[in-house]
Amino acid sequence: MQQSDIDVLRAQPLAARGHFINGQSHDATDGATLDVISPIDGKKITQIAAGTPADVDKAVASARAAFEDGRWSKAAPSARKKVLLKLADLIEQRALEIAVLGVMDNGTEINMAFKAEAMSAAATFRYYGEAIDKIYGEIAPTAPNILGLVHHSPVGVVGAIVPWNFPLMIGSWKIAPALAAGNSIVLKPAESASLSLLKIAELAIEAGLPEGVFNVVTGSGSVVGEALALSMDVDILVFTGSGATGRKLLEYSARSNLKRCYLELGGKSPNIVFADAPDLANAAKISAAGIFRNSGQVCVAGSRLLVHEDIHDEFVTEICRHAENYKVGDPLDLNSQIGAVHSQHELEANLDFVIKAEAEGAQRRTGGERILQETGGYYMPPTVMSGVKPKDQLFQNEVFGPVLAVTSFKDENEAIQLANSTSYGLAAGVWTSNLSRAHRMVSNIRAGVVHVNTYGGADLTVPLGGVKQSGNGHDKSLHAMDKYFDLKTAWIQL
Ligand code: ADP
């Protein structure tokens, strides 16, 4: 990746973008638009259609028509596979262009955006494309005069609502398996991170996806998202975002057609360091990356550091050293290691958490203030708060920013009790060289994933999903496909 290539791409003017419905760009029915503000410098870079309920209806009707006439839902698995593999190739070929586009509106540092957004989206389409012709139905073990067949039927129209932190990665985790299973989709990206997903919808047509199968409606959550979730013709809803919105989606489902809702709702993930960790210096380095990468705007971020009291002081000093060494700056500068906070609203919310934590008695060890204000962009350095108590807001609530809450513990039981004492259950980390303890921790921590002697690593082969109020259902792996199929039984008297 060359800085000069990035600079050329960022200098290109961005045309205003409409919805993508039935294979074509459409303005909002009332012509309304939303400004897209870049977190890099706080300036407007383009505008997108501000969707209305009528736009959502149009997109849902297009998805329904495509589903019912079978142009995709009844296409041969080998034909669907070919399209998804081609789409993966197209994304890969244009990965830098797509990554830069995404960074312009979401602020993620370009090295990470290239890998975790564009290239990971390509890998996701390839993974589910490959899966299409390897999933079999079942023949039930019935009596000999009966043939019991269990078919995997696509559910129909999938509504997908995704957030701004990794729009392409998270969007692909939903779009790819939904398409692989033969469904049609109406996607609503976050209003502040729609550009790269609109690009994917265009490339899907180039790859051979029939028009109408994959539609994108842009605009606000409270209008477009709500209309999608209330639609009587959307069969399931898949969502990643905040718990507050997740609750609303369940209400919308109850008020409409009882569509199934799969919710990934973030976390307050404990990263637990025992004194017998195999390599404390490495543990500090990886733990710092586990909270600070992408400015902490990661659902599985290890945002609560629980450290054994014997090593607390030295470990916190080491974490602070890493925090201070990160170069925060323009996300399209290859020298930056951490880019921008996504928006002014998020920046203010992050800073507010720091102020409240200090008021509750925590100590600010490093960071905690806005930086690079002269750029007009939204930047905040990695921030470490120690002495955070279980009842504190910083212990209980997801910041979704670069703020680490540190708490010490005395023994394994206390570590487990602290780890489990929030309403979340998405991810966790444990650092120990005691194999039995590692297994006990994996078994006793209530979370969708427990990392051992590392933090934050994963690939497509393993599922991601939360327990407790972190949500339900799974993205990634073949388990993700379960959401996008209905099981249909044929009971045949022979
Ligand atoms: P975050 O705090 O990460 O922005 P949100 O839950 O607000 O999380 O946003 C995640 C996605 O949910 C975005 O696409 C947003 O537009 C959408 N959204 C927000 N409010 C609603 C709502 N009331 N109904 C449906 N979708 C919504």
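Do the conditions hold for Val273, that is, is it modelled with pLDDT of 95 or more, farther than 22 Å from Pro53 by Cα, more than 9 Å from the ligand (Cβ to nearest atom) and out of contact with any His (no Cβ under 6 Å at 6 or more places or on another chain)?
Yes.
Test Val341 against the stated conditions and say whether it is part of a loop (DSSP other than H, G, I, E, B) and under 18 Å from Gly368 (Cβ atoms).
Yes; evaluated as a whole, the condition is true for this residue.
I want to confirm something. Restricting to the range 227-241 and keeping residues that are among the small types (Gly, Ala, Ser) and assigned to a loop (DSSP other than H, G, I, E, B), which single residue is nearest to the ligand (Cβ to nearest atom)?
Gly241
In the range 183-205, which residues are under 20 Å from Leu460 (Cβ atoms) and more than 12 Å from the ligand (Cβ to nearest atom)? Working first, answer last.
Within the range 183-205, the subset under 20 Å from Leu460 (Cβ atoms) is 183, 185, 187, 196-197, 200, 203-204.
Once the filter is applied, which keeps residues that are under 20 Å from Leu460 (Cβ atoms) and more than 12 Å from the ligand (Cβ to nearest atom), the range 183-205 yields Asn183, Ile185, Ser196, Ile200, Leu203, Ala204.
Being outside the structural domain of Val384 (by TED's automatic domain parsing), of a type in the set (D, E, K, R) and modelled with pLDDT of 95 or more narrows it down to one of Arg293, Arg255, Arg304, Arg321, so name that one.
Only one candidate passes the filter, namely Arg255.
Exactly one of (1) in contact (Cβ under 8 Å) with a residue 60 or more places away in the chain; (2) within 16 Å of the ligand (Cβ to nearest atom); (3) open to solvent by 40 Å² or more (accessible area, probe 1.4 Å) is unmet by Ala244. Its number?
Condition not satisfied by Ala244: (1).
Which of the residues spanning the range 270-293 are within 22 Å of Gly465 (Cα to Cα), open to solvent by less than 10 Å² (accessible area, probe 1.4 Å) and of a type outside the set (Phe, Trp, Tyr)?
Pro270, Asn271, Ile272, Ser287, Gly290, Ile291
Among the listed residues Asp475, Asp459, Asp482, identify the single one that is acidic (Asp, Glu) and open to solvent by less than 10 Å² (accessible area, probe 1.4 Å).
Asp475
Please state which one of Ile98, Ile170 is in contact (Cβ under 8 Å) with a residue 12 or more places away in the chain, part of a helix (DSSP H, G or I) and in contact with a Cys (Cβ under 9 Å, 6 or more places away or on another chain). Give the steps one after another, and end with the answer.
Numbers: Ile98 fails: in contact with a Cys (Cβ under 9 Å, 6 or more places away or on another chain).
After ruling out the rest, the residue left standing is Ile170.
The values are calculated or read from the model by the stated rules, or taken from the named source; none is laboratory data. Quick caveat: nothing in here was measured; it's all calculated off a predicted structure. Quick reminder, even Gly has a Cβ in these numbers, built from the backbone with ideal geometry, and neighbours come from all protein chains shown. Protein only, heavy atoms only, side chains kept; ligands, DNA and RNA dropped before computing areas. Shrake-Rupley method; radii C 1.70, N 1.55, O 1.52, S 1.80 Å.
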